[in-house]
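Structure, as structure tokens:
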Amino acid sequence: MYQMENIGFIRLWFGPSNPVVVVLDAECAEGILTSNVNIRKSREFDFSIPWLGLGLFTATGDRWRTHRKMLTPAFHFRILESFVPIIQKQQVIMMEQIRLKASGNGGIVEDIKPLITNCALDIICETAMGVS
């Protein structure tokens with residue numbers, strides 16, 4: 001068996017022009033995720049653009065930098081820590097809705113997007129505006 005020691009990531013190729021990087025190490029992930037240089041998104045992010053638009057998660061370049069500068073102060077660890085009970089409460093509500101939909105349809109939820117969208121909006125409304 002091949003043992004991977006001190007390897008932070010692996011590059012895989014799917015066809016001749018589609019490399020994929022798999023991050024295996026927390027320090028390597030931190031270096032990538034905190035970089036202001038390595039912000040170009042892969043094609044796999046394109047699926048979320050119709051749903052999320054071009055924001056911090058999907059944008060690159062100057063648009064990404066603008067959104068990052070606006071949002072960074074709001075996501076300080078201490079501020080986010082105070083939101084955990086709200087996020088947990090909304091997650092429990094969403095999971096119950098998933099259970100109800102699955103139980104009435106042979107264990108299958110046809111479209112989970114509206115449930116996730118509503119959960120995210122409920123979290124945003126309660127954390128940002130104080131409205132449940």
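For LYS113, a cut-off of 23 angstrom between C-alpha atoms picks up these lysines, skipping any fewer than 8 places away in its own chain: LYS41, LYS89, LYS101. Here the accessible area is traced with a 1.4 Å probe on the protein chains. For the chain, carbon and sulfur cover 62 percent of it. Relative to the longest principal axis of the Cα atoms of the chain, the long axis of helix 113-129 lies at roughly 80 degrees. Accessible surface area normalised per residue over the chain is 80 Å², counting heavy atoms of protein chains with a 1.4 Å rolling probe. Ordered from highest to lowest accessible area with the whole protein assembly present and a 1.4 Å probe, ASP111, ASP62, ASP25 read as ASP62, ASP111, ASP25.
Loop-located chymotrypsin sites (Phe, Trp or Tyr not before Pro) across region 1-73 with a Cβ neighbour count of 14 or fewer within 10 Å are TYR2, PHE14, PHE57, with loop assigned by DSSP.
Ranking of LYS69, LYS89, LYS101 by solvent-accessible surface, largest first: LYS69, LYS101, LYS89 (1.4 Å probe, protein heavy atoms only, all chains present). Loop-located GluC sites (Glu not before Pro) in region 1-103 (DSSP state not H, G, I, E or B) with no more than 15 neighbouring Cβ atoms inside 10 Å: GLU5. Here the contact order of the chain, divided by its residue count and restricted to Cα pairs under 8 Å and six or more residues apart, works out to 12 percent.
The values are calculated or read from the model by the stated rules, or taken from the named source; none is laboratory data. This structure is a prediction, so every number in the text was calculated from the model and none was measured. Virtual Cβ from ideal backbone geometry, glycine too; neighbours counted across all protein chains shown. These accessible areas exclude ligands, DNA and RNA; they are computed on the full protein's heavy atoms, side chains included. Shrake-Rupley method; radii C 1.70, N 1.55, O 1.52, S 1.80 Å.
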